[in-house]
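Quick notes on the structure that follows.
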Amino acid sequence: MAGGQVQRPSMEIIIKPDYEAMSREAALIVGRVIREGPRPVIGLATGSTPEGMYHELVRQHRDEGLDFSRATTFNLDEYVGLAPDHPQSYHHYMRHHLFDHVNLNRDRTHLPDGLSEDIPAHCRAYEQAIVEAGGIDVQVLGIGSDGHIGFNEPSSSLGSRTRIKTLTQETIAANARFFATSEQVPRHVITMGVGTIMDSRFCLVLASGGAKADIVARAVEGPVTSMVPASALQFHPRCSLIIDEAAAAKLERAAYYRWIYDHKPDWQRV
Ligand code: GLP
């Protein structure tokens, strides 16, 4: 389905009552891609938002036999300078939330290497590996409070590819909650570019909670601008946002999005 012919003329906004319902819906969609593709390629995100989705995917694996053995994964980003076993590294996050609990072939799980000694070459190889895997069928995304996707901070080129980025102070402050002090948050990261993300056949954005309501509205209903990198997704031919009521609170046309979703023809449903 991820490579299907449906080319949505607009972002699909799916409003769920709460975080749990958002997570279940996202896991249903990702689980379907994993089940149906002969060699599914899944783009993965970190942050607190997708934790519930991973929990639900692990449950599907355990209780319903969801088989990850044919899947390949690519993560969006990683901190520069953190070793894979660092508790705040995204390598560690992925093992903790997903990899240790499902039958993924570890040789086919990919994250940028935060300890790479030649970052530009590593970034080129990461892009190449995505191409060689056949491209990403579904890319899961969270959204930063400053509008970043992956770690593409405001002013990122909307055509950017995998590269090193310097975090904004806002993101450092937001992610300091995972570290003992904000000084310990790495200043640099390796992230897929906005262009890399836009090449995915399907983008699935998750957002939850009132703190994301402003940025969700700007990304969906505001102008497309590199000041809000998530707004580039307005150009994506196939992008669904699954958000909870709190994150939807500032959307001017929420009633219309609900109307569209309720009247969606069955053949268009994922
Ligand atoms: C992090 C990640 C993003 C994530 C975002 C939001 O810094 N690099 O991929 O989507 O910020 O995080 P959270 O889901 O915790 O709000």
* Asked: Residues Glu153, Glu132: which one is farther than 30 Å from Arg24 by Cβ and either within 13 Å of the ligand (Cβ to nearest atom) or open to solvent by less than 60 Å² (accessible area, probe 1.4 Å) (or both)?
  -> Glu153
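Condition first: of a type outside the set (D, E, K, R), closer than 9 Å to Gly114 by Cα and either away from the ligand (no atom under 16 Å from the Cβ) or open to solvent by less than 30 Å² (accessible area, probe 1.4 Å) (or both). Now tell me which residues in the stretch 76-103 satisfy that. Walk me through how you get there before you give the answer.
Going residue by residue through the stretch 76-103, those that are of a type outside the set (D, E, K, R) are 76, 79-84, 86-94, 96-99, 101-103.
Those left that are additionally closer than 9 Å to Gly114 by Cα: 79-84, 89.
If the condition is that a residue be of a type outside the set (D, E, K, R), closer than 9 Å to Gly114 by Cα and either away from the ligand (no atom under 16 Å from the Cβ) or open to solvent by less than 30 Å² (accessible area, probe 1.4 Å) (or both), then Tyr79, Leu82, Ala83, Pro84, Ser89 are the ones that fit.
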* Being open to solvent by less than 10 Å² (accessible area, probe 1.4 Å), outside any strand (DSSP E or B) and touching a strand residue (DSSP E or B) at 6+ places or on another chain (Cβ under 6 Å), is that true of even one residue in the stretch 251-266? -> no
* Asked: Which one of the conditions (1) closer than 27 Å to Pro237 by Cα; (2) out of contact with any strand residue (DSSP E or B) (no Cβ under 9 Å at 6 or more places or on another chain) does Ala133 fail to meet, given that it meets all the rest?
  -> (2)
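Residue-wise test of (1) open to solvent by less than 30 Å² (accessible area, probe 1.4 Å); (2) modelled with pLDDT of 95 or more; (3) under 27 Å from Tyr256 (Cα atoms); (4) outside any loop (DSSP other than H, G, I, E, B).
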{"site": "Met1", "(1), (2), (3), (4)": "no, no, yes, no"}
{"site": "Arg24", "(1), (2), (3), (4)": "no, yes, yes, yes"}
{"site": "Ala27", "(1), (2), (3), (4)": "yes, yes, yes, yes"}
{"site": "Arg59", "(1), (2), (3), (4)": "no, yes, no, yes"}
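Select from the stretch 227-240 the residues that are of a type in the set (A, V, I, L, M, F, W, C) and open to solvent by 10 Å² or more (accessible area, probe 1.4 Å) and write down the one among them that is farthest from Ser155 (Cα to Cα).
First, pick out the residues of the stretch 227-240 that are of a type in the set (A, V, I, L, M, F, W, C): 227-228, 230, 232-233, 235, 239.
With open to solvent by 10 Å² or more (accessible area, probe 1.4 Å) added as a condition, the list becomes 227, 235.
Numbers: Met227: 5, Phe235: 17 Å.
Restricting to residues being of a type in the set (A, V, I, L, M, F, W, C) and open to solvent by 10 Å² or more (accessible area, probe 1.4 Å), the top hit is Phe235.
The values are calculated or read from the model by the stated rules, or taken from the named source; none is laboratory data. Source: prediction; values computed, not measured. Because the Cβ atoms are built from the backbone with ideal geometry, glycine has one as well, and the counts that use them run over all protein chains shown. These area figures cover heavy atoms from the full protein model, side chains too; ligands, DNA and RNA do not enter into them. Shrake-Rupley method; radii C 1.70, N 1.55, O 1.52, S 1.80 Å.
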